[in-house]
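Presented below is the structure to which this report refers.
The values are calculated or read from the model by the stated rules, or taken from the named source; none is laboratory data. Values in this document were obtained by computation on a predicted structure and should not be read as measured data. Backbone-built Cβ (ideal geometry, glycine too); neighbour counts: all protein chains shown. Remember, those area values only see protein heavy atoms, side chains included, never the ligands or the DNA or RNA. Shrake-Rupley method; radii C 1.70, N 1.55, O 1.52, S 1.80 Å.
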Amino acid sequence: SHKQKKPWGHETIWPGHSGIHGKILHIKAGCKTSLKYHKLKAESLFFVAGRAKVSYGSERTFDDPVGSPMQEQEFGPGDTLMVQSGCPYRIHAIEHCEVIEIGNHLGDTAVRIEDDYGRTD
């Protein structure tokens, strides 16, 4: 495994097999990830510690924001969220959070829509 610094905290990343990978997201209280989606990658999120508000949409949110609006839900330890490819989401840590992410299509880069830290790639 290796640690990758992020402006909102850091990730501990470990390899899997056949494009499957795992991460533990360590998100500092008050910080949030970028609003993003993946073209190919689907992710399963498991909230281990802390509380977070997650904004998320469906694959139709961009084409029909009125009929398929972004939703917001609070998550805490033991909660899970499946994020399919094409679905935007953003995690906002209310408290320091640890979130396990299991994803496929390891090489698929995120498409950032909004970012508090000026990142565009």
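Some observations on this one:
- Some residue of segment 87-95 being surrounded by fewer than 17 Cβ atoms within 10 Å (Cβ to Cβ), touching a residue at least 60 places away in the same chain (Cβ under 8 Å) and closer than 22 Å to residue 117 by Cα: yes
- Positions within segment 96-110 being within 17 Å of residue 44 (Cβ to Cβ) and open to solvent by 40 Å² or more (accessible area, probe 1.4 Å), in sequence order: 98, 100, 102, 104, 105, 106
- Pairs with Cβ under 8 Å, 6+ apart, first in segment 97-121 and on the phi > 0 side of the Ramachandran plot, second open to solvent by 80 Å² or more (accessible area, probe 1.4 Å) and not in a strand (DSSP E or B): 105/40
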